[in-house]
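**Q** What follows is a single structure, and I will ask about it in a moment.
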Amino acid sequence: METAQEGAGRTAEDKQSPAAGAAPTGSVAAEDEQQSSAGTVPTEFVAPEGEQQSSADAAAPEAVAVAAEAADAPARRRRVGILLTVAGTVYALDVVSKLLVVAKLTPGDPVHVIGSFLQLDYTRNSGAAFSIGWGYTAIFTLIAIGVVFVILRLARRLYSAPWALALGLLLGGAFGNLTDRIARAPGPFRGWVVDFVQFPHFAIFNLADAAITCGGVLMVLLAFRGLHPDGTDERALHEAAQRTAAAEAESEVEAEAEVDAEAEAESADERR
């Protein structure tokens, strides 16, 4: 009986052992499938990373070129210092010269500096520069105030030294004549301007008038030159555009030459 029971037990164990052994095989297969499926995840993300690296490598020369151009470009600085220096100098010279003329000269008694070519003739002017517009003192006072206001607003975007010089001449001259209109007789904003410089067959003027005229002429020349107060140079931009177009055309010609050379090489290989 014991022998039969032992045999039956062994038979049952033998039947259970294959079933128990099959379980590890299934688990191993499942683990292999999980590893294989898990291994495919990095493969799906490797390609975009490579593409990003290649695009970054391609963009690197462009970034270097842009940085080089930025380093070579001169730093833009506002030219307010030049504007104020020129304006202050013109204003000081105009005020001092007028004070000396009023103190030393007599109206109607000119002083010959260079014979009859240049004379100092003290006179009073209620109009604009060069004795233009007699009797419109208040109007020209308002115009002068408007000019000063416009120049001061423009100074915030002033990056051109030539324009700073021109506007400084204009600002100093406008301040000089405006001081006369405010401070001199017959009253505030109606004062007559002191003029004293006289050339043959020309109106009598002062240093402020000369500065205003020189500044206006310089502004016209700068406008024709294509130079703007903000430092933009139209001529330089046009020349740069021409150079860029020439470089692009040259690169296109070189690319076409390479394509033709490759086509000739392929045709030669086919003939062989």
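**Q** Using the Karplus curve 6.51 cos²θ - 1.76 cosθ + 1.60 with θ = phi - 60°, work out ³J(HN,Hα) for each residue of region 198-206 in order, rounded to whole Hz, and write x for Gly and Pro.
**A** 9, 10, x, 6, 9, 5, 6, 9, 10
**Q** If you don't mind, another one. Arrange the following residues from fewest to most other Cβ atoms within 10 Å of their Cβ: 201, 238. Present the calculation step by step, with values, prior to reporting the outcome.
**A** Details: 201 5, 238 11.
By the 10 Å Cβ count, ascending, the order reads 201, 238.
**Q** Let me ask something additional. For 137, 213, which order do you get if you count the other beta carbons within 10 Å of each Cβ and list the fewest first?
**A** 213, 137
**Q** Calculate the spin-label point distance for residue 232 paired with residue 264, positioning each point 7 Å from the Cα along the beta-carbon direction, and give it in nanometres.
**A** Taking the two extended label points, one gets 4.7 nm.
**Q** At 0.36 nm per residue, and after removing the present C-alpha to C-alpha distance, how many nm does the segment from residue 201 to residue 104 gain when stretched out fully?
**A** 32.5 nm
**Q** Then there's this: How far, in nm, would the chain grow between residue 246 and residue 224 when pulled straight, counting 0.36 nm per residue and subtracting the alpha carbon separation? Write out the running numbers ahead of the final one.
**A** Values: separation 22, 0.36 × 22 = 7.92 nm, distance 2.61 nm.
Contour length minus the Cα-Cα distance gives 5.3 nm.
**Q** Could you give the length gained on full extension between residue 116 and residue 138, defined as 0.36 nm per residue of separation minus the Cα-Cα distance, in nm?
**A** Using 0.36 nm per residue and subtracting the Cα-Cα distance, I get 4.5 nm.
**Q** For 104, 98, what ranking results if the residue with the fewest other Cβ atoms within 10 Å of its Cβ goes first?
**A** Taking fewest neighbouring Cβ atoms as first place, the list is 104, 98.
Read-outs throughout are calculated quantities, based only on the coordinates presented, and are distinct from any laboratory measurement. Being a predicted model, the structure only gives us computed values, none of them experimental. For neighbour counting, all protein chains shown are included, and Cβ atoms are generated from backbone atoms with ideal geometry for every residue, glycine included.
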